[in-house]
Amino acid sequence: MTLPGFPDAAPLEGFLGGMMIGLAAAIMLLGLGRIAGVSGLASRAMLIERGGAPWPVAILFVAGLVLGAILFGAAEPIEAVFPPHWAWLVAGGLFVGYGTRLGSGCTSGHGVCGMSRLSPRSLVATAVFMASGIATVALVNALGYGW
Amino acid sequence: MMRAILALVSGAIFGAGLALSGMMNPARVRGFLDLFGAWDTTLAFVMGGAMLVMAIAWTVQRRMAAPAIGPSFHLPGTALIDRRLIGGAVLFGIGWGLAGLCPGPAIASLGTALAPAAIFVAAMLAGMGLFRLTDRR
């Protein structure tokens, strides 16, 4: 299914995949009483974070992320175009790691879980990181380094 | 044991959802942020689907005294909007725009595109560790 005016968009796959992400977050919330925030759980799984979810919950959630992607990939190829140079990955990773801990969340915790809770804190965080991401891509493109 | 199974299952559904939705493709995520260029709207549909299900989950949560497993809910506050929140979101957005990756898809990609995912995740963990070492709180 395609959208008029947006030939590259995949709205149906996006919506269905999004519902699966919501279901996963609902299991964490109603089953374990926790926010499915990937940055916090990853940090906890690697013992960078002292507080937060119990360690087994964090490490198993993170392992599940990898497992789910592998299982999906075994059934259907996963299209993925990564940045053209490893330096993008290093710079991006450093900003994402530091920023998500300073701001206490990323696309999952603030975006999916916080916005659906109508948390003012998460609504502000999501608006800011989206605006920052849009500005970054626009700047990279303007400098001629778009990919 | 049940707790461990739920955590693993939740993670697996999350990972498969990321794969189905196209969010494991950094170029597509970057395309959503390319608002002034070749804008790819897919991420908005992903957010919509996820928030629809989670909005229902929150209404259920408000009627529950405790989660299915464990004595109580552990939920963050919703009110505090300070410089840490804003500054963190600005920095996260920069990294997200540079690489087209946020933590969920990056970790999920360790199973399907090991080399680039490992570079990003290693740098991300270094960034998290740097914050932990330098944070005075």
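In table form, for the structure just shown:
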| read-out | value |
| --- | --- |
| Residue count for the range A:30-44, restricted to those that are crowded, with 24+ Cβ neighbours inside 10 Å and either more than 7 Å from chain B (Cβ to nearest Cβ) or of a type outside the set (K, R) (or both) | 10 |
| Qualifying residues in the range B:103-137 (those that are within 15 Å of the chain's Cα centre (by Cα) and β-branched (V, I, T)) - the one nearest to A:G99 (Cα to Cα) | B:V121 |
| Any chance B:I119 is of a type in the set (A, V, I, L, M) and buried (at least 16 other Cβ atoms within 10 Å of the Cβ) | yes |
| Selection status of A:F82, at the interface with chain B (Cβ under 7 Å from one of its Cβ atoms), assigned to a helix (DSSP H, G or I) and either farther than 30 Å from A:L30 by Cα or touching a helix residue (DSSP H, G or I) at 6+ places or on another chain (Cβ under 8 Å) (or both) | no |
| Flag for B:A106 being surrounded by 17 or more Cβ atoms within 10 Å (Cβ to Cβ), more than 7 Å from every other protein chain (Cβ to nearest Cβ) and in a helix (DSSP H, G or I) | yes |
| Number of the condition not met by B:A4 [criteria: (1) at the interface with chain A (Cβ under 7 Å from one of its Cβ atoms); (2) in contact with a Leu (Cβ under 9 Å, 6 or more places away or on another chain); (3) surrounded by 17 or more Cβ atoms within 10 Å (Cβ to Cβ)] | (3) |
| Test: residue in the range B:7-26 that is of a type outside the set (A, V, I, L, M) and more than 7 Å from chain A (Cβ to nearest Cβ) | no |
| Which numbered condition A:I48 fails, given (1) more than 24 Å from B:A65 (Cβ to Cβ); (2) β-branched (V, I, T); (3) facing chain B (nearest Cβ under 7 Å); (4) in a helix (DSSP H, G or I) | (4) |
| Flag for A:V124 being among the aliphatic types (A, V, I, L, M), under 16 Å from B:G129 (Cβ atoms) and at the interface with chain B (Cβ under 7 Å from one of its Cβ atoms) | no |
| Single unsatisfied condition, A:P77 versus (1) touching a His at 6+ places or on another chain (Cβ under 6 Å); (2) outside any helix (DSSP H, G or I) | (1) |
| Answer residue from the range B:27-42, given it is free of Cβ contacts under 8 Å to residues at least 12 places away in the same chain and of a type in the set (A, V, I, L, M) and is farthest from the other protein chains (Cβ to nearest Cβ) among those | B:A38 |
| Per-region count, the range B:43-81, residues in contact with a Pro (Cβ under 7 Å, 6 or more places away or on another chain) and either outside any loop (DSSP other than H, G, I, E, B) or more than 7 Å from every other protein chain (Cβ to nearest Cβ) (or both) | 1 |
| Filter result for A:I21 (at the interface with chain B (Cβ under 7 Å from one of its Cβ atoms) and assigned to a loop (DSSP other than H, G, I, E, B)) | no |
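Taken together, the values in this text are just the output of simple stated rules run on the coordinates, not laboratory data. Predicted model, so just to flag it, every value in this text is computed and none were measured. Every residue, glycine among them, receives a Cβ derived from its backbone with ideal geometry; neighbour counts consider all protein chains shown.
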